[in-house]
Amino acid sequence: MTLVKCEKAEKSTFKLEFSVEKAVFDAACEKVYRRMVKKINVPGFRAGKAPKAIVEKMYGKGVFYEDAINDLIPENYTAALKEAGIEAVGQPEIDIVSIDDNGLVLSAIVPVKPECKIEGYKGLEIAKNVEKVTDEEIENEIKTVRERNSREIEVEDDTVAEMGDVAKIDFEGFVDGVAFEGGKGENYSLKLGSGSFIPGFEEQVAGHKIGDEFDVNVPFPADYHAEELAGKDATFKCKVNAITKVELPALDDDFAKDVSEFDTIDEYKADLKAKIEKRHEAKADAEFEEKIIDALIEKLEAEIPEAMFEAETENFVRDYDNRLRQSGLDLKTYFQYTGLTLETLREQMRPQAEKQVKARLALEAVAAAEAIEVTEEELAAEYDLIAETYKLEADKVREMVDEAMVKADVTVRKAMNVVKENVKAPKKATKPRKKKVAEPAAEEAAEAAAEAAAEAVAEETKTEE
């Protein structure tokens with residue numbers, strides 16, 4: 001491979017031209033011929049025995065060119081990038097310049113990272129809002145734990161079912177007097193208030209005793225998954241077979257000892273409050289960083305090539321596919337369930353991918369402006385953190401994970417810290433004090449009163465005289 005030309009093109013791209021020697025190109029064509037000849041039928045020759053020259057004469061001289069070029073591109077394009085000192089950030093647009101007696105010449109439009117400029121990243125005015133822990137939150141946490149530690153007690157025949165109880169029922173549903181498929185159940189355990197049945201159903205079961213037979217009349221929701229039932233009125237013939245009361249443990253010191261390492265309910269509540277505070281703090285931190293990212297993106301000046309957005313979108317799709325596979329699914333099955341397509345999934349992920357690209361470029365621009373460097377100690381600590389996260393040895397991680405990538409991650413994190421450390425709390429708006437100005441009518445009244453007083457004094461003086 002010989003690098004013929006390397007020049008900057010428009011919008012964060014470079015144009016490369018590189019040549020491949022004729023002998024190398026001919027060898028690639030020969031390799032393609034041997035791979036394809038078994039599938040080529042030439043009259044007068046057995047399958048796979050037709051000479052290359054005869055095949056080219058029959059189908060054209062360039063019959064093997066396309067496949068040969070595709071075989072040559074990866075290695076030679078990579079070598080051209082290396083010689084030009086260019087780091088591509090997406091797939092290139094490759095064209096054929098010429099094929100002649102001198103060999104093959106290709107051109108490549110290569111997307112590269114844009115030149116980025118960012119100013120005003122210090123002193124951003126952004127509020128960090130940490131929600132206060134409410135008594136209701138603590139009570140809800142305790143309620144969940146109590147329900148998890150509850151016990152069920154079957155009640156006597158004359159006890160009425162209440163919301164929160166579990167009722168074992170037989171039921172059969174009818175629409176227009178006709179039973180419908182899937183509308184029948186026997187000894188079904190239904191927790192009243194769980195919302196697992198059609199809205200309004202569970203409320204009508206409440207109030208009945210064991211042995212009661214009754215009708216429950218409810219309409220199916222308009223968006224019900226079975227279209228033939230959606231929006232229609234239904235009648236369910238029901239019978240209560242058993243009722244179970246859910247008994248919650250008493251909220252006392254013994255409960256605290258059973259569900260925690262604390263001896264008193266007050267200590268347990270204080271611990272719950274501290275944990276909720278940590279959650280609120282973590283949520284506030286995440287929202288705070290998100291606001292910072294939004295502000296930095298607004299200040300970023302860069303001509304970002306489309307290829308960067310496309311590449312990041314594909315990364316999002318691959319990550320999503322990996323997460324699905326970990327849960328026993330794949331994209332194909334996911335698409336069958338959701339009705340989505342690969343294109344619609346890409347469209348959904350594109351906005352976040354664009355934001356990710358812009359955020360990274362903005363933080364890299366901050367790092368460049370601040371001349372941020374990563375020390376060996378910081379690099380080693382990052383490798384140790386990765387090793388701990390994935391339960392691997394640090395040396396093994398160093399072999400698996402590229403050092404440049406790790407350094408880049410630490411660099412942008414340090415850049416974020418620089419920005420965070422210089423964030424200012426927004427100034428509170430203060431209302432200017434209004435100068436008290438007498439209204440015209442009041443001023444006139446005051447002047448008239450003063451004149452009247454003066455006249456009165458004058459008159460009184462005359463009288464005395």
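The values are calculated or read from the model by the stated rules, or taken from the named source; none is laboratory data. In this text, all values refer to a predicted model and were calculated from it rather than measured experimentally. Backbone-built Cβ (ideal geometry, glycine too); neighbour counts: all protein chains shown. Ligands, DNA and RNA are stripped out before the accessible areas are found, and what is left, the full protein with its side chains, is counted by its heavy atoms. Shrake-Rupley method; radii C 1.70, N 1.55, O 1.52, S 1.80 Å.
In table form, for the structure just shown:
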| read-out | value |
| --- | --- |
| Only listed residue being within 14 Å of ILE138 (Cβ to Cβ), open to solvent by 80 Å² or more (accessible area, probe 1.4 Å) and assigned to a helix (DSSP H, G or I), chosen from ASP271, ASP266 | ASP266 |
| Only one of VAL160, VAL133 that is in contact with a helix residue (DSSP H, G or I) (Cβ under 8 Å, 6 or more places away or on another chain) and either part of a loop (DSSP other than H, G, I, E, B) or open to solvent by less than 90 Å² (accessible area, probe 1.4 Å) (or both) | VAL133 |
| Residue pairs meeting the criteria (Cβ under 7 Å; at least 6 apart or on separate chains; first closer than 21 Å to ASP158 by Cβ and touching a residue at least 24 places away in the same chain (Cβ under 8 Å), in the stretch 204-229; second assigned to a loop (DSSP other than H, G, I, E, B) and among the acidic types (Asp, Glu)) | ALA206/GLU162; LYS209/ASP157; LYS209/ASP158; ILE210/ASP157; GLY211/ASP157 |
| Helices (runs of 4 or more DSSP H) enclosed by the stretch 6-113 - at least 3 residues per element that are under 30 Å from ALA302 (Cβ atoms) and either touching a strand residue (DSSP E or B) at 6+ places or on another chain (Cβ under 6 Å) or of a type in the set (A, V, I, L, M, F, W, C) (or both) | 65-84 |
| Listing of helices (runs of 4 or more DSSP H) fully contained in the stretch 309-420 that carry 1 or more residues being of a type in the set (Val, Ile, Thr) and touching a residue at least 24 places away in the same chain (Cβ under 8 Å) | 342-369 |
| Of residues in the stretch 241-274 being of a type in the set (D, E, K, R) and touching a residue at least 12 places away in the same chain (Cβ under 8 Å), the one nearest to THR134 (Cα to Cα) | LYS273 |
| Hits in the stretch 283-311 - residues which are open to solvent by 50 Å² or more (accessible area, probe 1.4 Å) and either closer than 16 Å to LEU124 by Cα or of a type in the set (Ser, Thr, Tyr) (or both) | ASP285, GLU287, GLU289, GLU290, LYS291, ASP294, GLU298, LYS299 |
| Unmet requirement for LEU72, which otherwise passes all of (1) open to solvent by less than 70 Å² (accessible area, probe 1.4 Å); (2) within 25 Å of CYS29 (Cβ to Cβ); (3) out of contact with any helix residue (DSSP H, G or I) (no Cβ under 7 Å at 6 or more places or on another chain) | (3) |
| Residue in the stretch 371-387 that is small (Gly, Ala, Ser), loosely packed, with under 15 Cβ neighbours inside 10 Å and at pLDDT 95 or above present | yes |
